[in-house]
Amino acid sequence: MRTFDLTPLFRSSVGFDRLSQLMDTASRLDDGAASFPPYNIEKHGEDEYKITMAVAGFSIDDIEITAQEQNLIVRGSKQKEDEDESVYLHRGIANRAFERRFQIAEHIRISGASMENGLLYIDMVREVPEYLKPRTIEIAAPKAGKAVKNKTIENQAA
């Protein structure tokens, strides 16, 4: 297993404490569990994203999507079909339950989900609050009385 030293990054940045936790989580993922169901992550424009998951054989009622803090969890569990007791010669369509977890960044909002032709679409948009957007900070000029007062205090101390 690889270990990453992020010390140089932390010397010049503030607020990236979760980065090492995310890297640990990503390195511990089980490759077998991460392969079902297959999915794509797409970026549309500056602030729009879409996750597409292949969920053939599942209906809308079989799938649950939960967004909590910076986690998006998609669960699928097939409803039992008591009507048909078929004998399969080959079963290539997976009907097993699944749980897929995604770490999403701050200010990402799930804007909707839809399902069509066995594909589940989850739309997301980044909505950065106004107070976090870049802004120009004006520098106030020193007040004349305040500058003179400070000068006087320095002269008295000398």
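Side notes on the structure shown:
- Test: residue in segment 83-93 that is out of contact with any Leu (no Cβ under 6 Å at 6 or more places or on another chain), farther than 30 Å from Pro129 by Cα, aliphatic (A, V, I, L, M) and free of Cβ contacts under 8 Å to residues at least 24 places away in the same chain: yes
- Contact annotation: residue pairs with Cβ atoms under 6 Å, 6 or more positions apart or on different chains, pairing a residue in segment 96-113 that is under 20 Å from Gln79 (Cα atoms) with a partner that is at pLDDT below 90 and of a type in the set (Phe, Trp, Tyr), are Phe98/Phe36.
- Some residue of segment 86-99 being under 20 Å from the mean Cα position of the chain (by Cα), open to solvent by less than 60 Å² (accessible area, probe 1.4 Å) and under 13 Å from Leu120 (Cα atoms): no
- Hits in segment 107-135 (condition: open to solvent by 90 Å² or more (accessible area, probe 1.4 Å) and either in contact with a Leu (Cβ under 9 Å, 6 or more places away or on another chain) or modelled with pLDDT of 90 or more (or both)): Arg109, Glu116, Asn117
- Cross-chain or 6+ apart pairs with Cβ under 7 Å, segment 37-52 first and under 15 Å from Arg101 (Cβ atoms) and open to solvent by 60 Å² or more (accessible area, probe 1.4 Å), then among the hydroxyl-bearing types (Ser, Thr, Tyr) and part of a strand (DSSP E or B): Tyr39/Thr52; Ile41/Tyr49
- Annotation: of all residues in segment 61-82 being farther than 30 Å from Leu132 by Cβ and under 18 Å from the mean Cα position of the chain (by Cα), the one that is most open to solvent (accessible area, probe 1.4 Å) is Glu64.
The values are calculated or read from the model by the stated rules, or taken from the named source; none is laboratory data. Being a predicted model, the structure only gives us computed values, none of them experimental. Neighbour counts run over all protein chains shown; Cβ positions are idealised from the backbone, glycine included. We work out accessible area using only protein heavy atoms, side chains counted, and drop any ligands, DNA or RNA first. Shrake-Rupley method; radii C 1.70, N 1.55, O 1.52, S 1.80 Å.
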